[in-house]
């Protein structure tokens with residue numbers, strides 16, 4: 001009995017308090033969380049960035065991470081994509097009755113490690129337990145707040161013709177790693193999710209140049225969808241070159257086997273930056289010096305032509321329109 | 001097909017964008033949300049309060065509200081319980097494939113109405129869709145940020161011997177309304193959930209006195225659990241008088257029938273205030289003038305005796321220890 005989550009762990013009573021104290025507050029150890037009030041209260045100055053994401057990945061453990069690491073990195077990255085320094089996260093669990101406490105512990109451990117790496121504190125939280133069959137083991141929501149430094153103006157609206165498009169590394173690793181774990185496929189080379197907190201990389205990029213106009217992480221819907229969003233929001237055209245887009249051989253192979261296009265596969269440690277042409281080289285250099293940017297590449301540019309549309313020069317030299325993801329990339333991975 | 005949520009609505013692609021635009025952004029209409037960036041960015045000054053809660057109520061529609069209204073009120077109330085003026089909310093859905101779009105629309109409508117009443121803006125969000133059977137129709141997470149006014153110092157640690165304990169109205173309405181809907185019980189008197197945003201009431205209370213030491217909303221675990229939390233956090237004893245606690249006859253009746261104790265039944269529009277004795281009357285008067293406080297009552301006081309323990313003088317004149325909820329209040333209602 002005691003090695004599993006029970007409905008009573010979500011009742012708000014004694015078992016809830018014990019779980020919260022022993023499994024969360026003690027482990028995530030910080031004075032704001034330990035206060036155990038209805039909200040965390042702290043001083044903050046300047047422009048605030050605020051974001052949220054829920055994590056419903058299946059399987060919850062996968063090569064390169066688990067749902068806990070993902071829940072920290074995903075929200076940290078959404079803050080970083082606004083140019084903000086990530087500071088504080090909330091952490092809310094919806095747990096299916098019967099989850100092993102040892103699995104929960106492993107997930108919270110990964111949350112702690114990722115939060116430490118990202119330099120964020122988990123300051124407030126919530127735990128709900130639902131009946132068996134009413135959820136898929138565990139869902140996590142994190143919301144985050146960060147501070148946008150003076151002079152940083154990053155938005156999906158800000159791409160301008162002539163800007164360069166930079167990607168920090170290989171695409172499709174996360175989606176294929178998760179899917180292959182679920183389908184029981186193993187890669188001899190050990191393909192892992194790219195799941196990583198990108199706040200540090202963004203800070204280095206902003207040191208190299210304040211002329212970064214857009215940042216976005218190509219998660220669900222992949223690189224293709226993100227580029228379409230940016231083209232539409234900014235009212236510009238985008239041209240990319242397939243030959244410049246880094247993709248691992250294992251990902252190409254798995255995509256061919258499963259009938260996917262790497263351009264639409266989810267990433268969890270990637271970002272697209274759109275920056276003034278004259279600063280692109282400096283930004284690229286700064287990225288290449290960072291562990292999460294060592295495979296960075298300029299993959300294309302922003303055009304005044306065909307606003308709202310993304311076009312790719314293929315490996316064969318022809319051009320094709322790259323549309324937003326239509327329908328679903330089955331099976332669901334996030 | 002088109003009147004239900006499909007997996008593709010959560011893919012991050014075209015259907016996701018359409019859903020988000022038409023069902024959320026247009027309806028919740030505000031410039032920060034319409035920006036559609038990874039984070040909402042806004043200026044804020046002072047001490048920030050930050051909180052989160054997930055909502056998994058079953059059934060999702062109940063007398064007096066639905067899961068959407070609850071998701072706004074619950075998080076607004078957690079901010080208010082820190083003395084903060086609620087300002088901005090995030091809104092994250094986990095939706096089970098097959099949910100009727102008409103149900104989603106009704107829920108978002110309730111979110112809009114509750115947010116308008118509470119004076120908060122929904123500025124950022126997320127939507128995930130999971131396979132049929134992987135969730136219970138819809139789960140919602142909201143996180144909130146608010147600003148704590150100068151001179152307000154409210155925490156569960158601050159109760160002092162001699163303080164008065166004030167409750168803003170009848171207990172158990174929410175839990176019994178939800179449960180009776182699920183079990184098909186109807187009350188001729190039309191019992192409804194008390195679900196309400198309490199930020200306005202708290203603002204009036206703070207105008208009446210800054211000597212409010214603790215505020216907490218007795219949700220899961222009910223009044224008994226909340227009082228135990230406060231007694232434990234502040235290291236004080238608490239004595240309440242059963243005769244002073246407002247409970248509706250329908251709730252007493254339903255509790256007798258179902259074997260519950262109203263002290264442990266969830267509320268969603270109630271608060272417990274612990275305040276300096278000399279200001280208690282003023283605070284009570286201010287509460288009674290507000291629609292959400294008209295049945296307010298002083299229900300007890302804080303003692304130096306038996307720290308961490310809550311004792312109740314019963315209707316029969318005897319005293320009994322009121323413990324925190326142990327085990328679960330079955331069936332689960334939140």
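A few points about this structure:
- Each peptide in B:37-50, A:135-148 receives the mean, over its residues, of other Cβ atoms within 10 Å, and ordering these scores from highest gives A:135-148, B:37-50.
- Take each residue of peptide A:122-135, count the partner chain Cβ atoms within 10 Å of its Cβ, and average: the result is 6.
- With eigenvalues of the C-alpha gyration tensor scaled by 5 and rooted, segment B:180-237, Å: 30, 19, 8
- Between the helical axis of A:280-289 and the longest alpha-carbon principal axis of chain A there is an angle of about 40 degrees.
- With contacts taken as Cα pairs under 8 Å at a separation of at least 6 residues, chain A carries a relative contact order of 22 percent.
- Relative to the longest principal axis of the Cα atoms of chain B, the long axis of helix B:101-118 makes an angle of roughly 50 degrees.
- Cα gyration tensor shape for segment A:2-83, rounded if a/c is under 1.5, else prolate or oblate: oblate
- Annotation: the antiparallel percentage among DSSP beta bridges lying fully within the protein assembly as shown is about 80.
- Rounded if a/c under 1.5, otherwise prolate or oblate - segment B:1-158, Cα gyration tensor axes: prolate
- For the protein assembly as shown, a/c is not less than 1.5, where a ≥ b ≥ c are the root eigenvalues of the C-alpha gyration tensor, and a/b tops b/c. That puts it in the prolate class.
- Among the residues of A:88-94, the average count of other protein chain beta-carbon atoms within 10 Å of the residue beta-carbon is 5.
- Placing dummy labels 7 Å off each Cα toward the beta-carbon, the span from residue A:316 to residue A:26 is 6.2 nm.
- Percent of beta bridges antiparallel (DSSP, chain B, rounded to nearest 5): 75 percent
- Nearest-first distances (nm) between copies at residue B:185, label 7 Å from Cα via Cβ: 5.4
- Take residue B:243, move 7 Å from Cα toward the beta carbon, and the resulting point lies 9.1 nm from the same point in each other copy, nearest first.
- Using alpha carbons only, the radius of gyration of chain A set against its Kirkwood radius gives Rg/Rh = 0.99.
- Of all DSSP bridge pairs formed entirely within segment B:7-148, close to 70 percent run antiparallel.
- Taking the average, over residues, of other Cβ atoms within 10 Å as the packing measure, peptides B:10-18, B:183-191, A:262-270, B:302-310 rank A:262-270, B:10-18, B:302-310, B:183-191 from highest down.
- Per-residue ellipticity at 222 nm computed for the protein assembly as shown from its helices equals -8500 deg cm²/dmol, with DSSP H segments shorter than 4 residues left out and the rest contributing -39,500 (n - 2.57).
- The mean number of partner chain beta-carbon atoms within 10 angstrom of a residue's beta-carbon across peptide A:14-25 is 2.
- Whole-number percent relative contact order across segment A:164-321, with pairs defined as alpha carbons under 8 Å at least 6 apart: 43 percent
- 7 Å along Cα→Cβ, label-point gaps from residue B:26 to other copies, nm, shortest first: 5.2
- Cα centroid of segment A:173-247 to Cα centroid of segment B:153-169, whole Å: 50 Å
- Relative to the longest principal axis of the Cα atoms of chain A, the long axis of helix A:249-258 makes an angle of roughly 80 degrees.
- Contact order relative to length of segment A:6-124, as percent, for alpha carbon pairs under 8 angstrom and 6 or more apart: 34 percent
- When peptides B:212-220, A:315-323 are ranked by their average number of other Cβ atoms within 10 Å per residue, the highest-first order is B:212-220, A:315-323.
Readers should treat all values here as calculations from the given coordinates under stated rules, not as data from a laboratory. Here the structure is a predicted model, which means the values were calculated and not measured. Ideal geometry is used to build each Cβ from the backbone, glycine not excepted, and the neighbour counts take in all protein chains shown.
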